[in-house]
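Since the structure comes first, as structure tokens, the remarks are kept for the end.
The values are calculated or read from the model by the stated rules, or taken from the named source; none is laboratory data. For clarity, every value in this text was computed on a predicted model and none was experimentally measured. Neighbour counts run over all protein chains shown; Cβ positions are idealised from the backbone, glycine included. The protein model used for the area step is the full one, side chains on, heavy atoms only, and it has no ligands, DNA or RNA in it. Shrake-Rupley method; radii C 1.70, N 1.55, O 1.52, S 1.80 Å.
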Amino acid sequence: MDFISKNFVYRTLPFNKLVQRAAEETHKEFFIAEDEKYYLRSLGEDPRKDVADIRQQFPSLRGDIKFPAFFEEEQFFSSVFRISSPGLQLWTHYDVMDNFLIQVTGKKRVTLFSPRDAHYLYLSGSKSEVLDIDNPDLDKYPLFPKARRYECSLEAGDVLFIPALWFHNVISEEFGVGVNVFWKHLPSECYDKTDTYGNKDPVAASRAVQILDRALKTLAELPEEYRDFYARQMVLRIQDKAYSKNLE
Ligand SMILES: O=C(O)CCC(=O)C(=O)O
Ligand SMILES: [Fe+2]
């Protein structure tokens, strides 16, 4: 799926039909093409306001789902049902919560990139513009090969811990059913209250970015030579004051 050219559409189907279509490679009934792929990412009761909780939206599955006991119930954020066709690839992105990705059936390849390699990923918001991570366009994305990648294969019964801010790209190698659970590891007030997907930046981060945008506008009032001089000082100050010395 390509979030820039939006090569996908949102459609409604009865659940059994969705499962049937996601499980077959060619369809007798389809929306666009007989080999189209399907992806379900479950939502909350009111998708604009509520977060997904598989225990509420799919109560008959409630008893089947036990989240690994790595966090307190009050840290729970959401649990998302994910069903995908074979061959479906989800763009590289980060989420702001810690996450267990639980594979129920099928096989997935998950490629992770460290948050520290973000500057090689050509980000647009929380998503990377590099879609074909196995065969990237090096004229457009020359720094991409510098990003260290960590790959793993998820099979039925496997659970992958994806820490907050770690980029992930997911390819379903088979028809797959999975569930993921996001939880807050920062104090609750750090998170954006309007976030329903677990991918809005923490409030302090969004505020800092807004202030930076204002600083950039202000710098633009200066002639080039001066703007360059003060911008470089500011970069050095950010590196000195805000970069972590504890991370490799
Ligand atoms: O497995 C998938 O389809 C996507 C998983 C994902 O993006 C997540 O768990 O945050
Ligand atoms: Fe994700």
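Out of all the residues in region 105-122, which are among the polar types (S, T, N, Q) and near ligand 1 (Cβ under 10 Å from one of its atoms)?
Initial filter on region 105-122 (among the polar types (S, T, N, Q)): 105, 111, 114.
Of everything in region 105-122, nothing turns out to be among the polar types (S, T, N, Q) and near ligand 1 (Cβ under 10 Å from one of its atoms).
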Suppose we keep only residues that are of a type in the set (Gly, Ala, Ser) and open to solvent by less than 50 Å² (accessible area, probe 1.4 Å) within region 54-104. Which one would you say is farthest from ligand 1 (Cβ to nearest atom)? GLY87
All strands (runs of 3 or more DSSP E) inside region 66-123 with 2 or more residues being touching a Pro at 6+ places or on another chain (Cβ under 9 Å): 98-105
Counting only residues that are more than 14 Å from ligand 2 (Cβ to nearest atom), free of Cβ contacts under 8 Å to residues at least 60 places away in the same chain and open to solvent by 10 Å² or more (accessible area, probe 1.4 Å), region 118-130 contains a total of 5
Per the filter on region 19-42, residues under 30 Å from SER124 (Cα atoms) and surrounded by 14 or more Cβ atoms within 10 Å (Cβ to Cβ) are ALA22, GLU36, LYS37, TYR38, TYR39, LEU40, SER42
Do we have PRO115 as open to solvent by 40 Å² or more (accessible area, probe 1.4 Å), closer than 26 Å to LEU186 by Cα and within 16 Å of ligand 2 (Cβ to nearest atom) here? yes
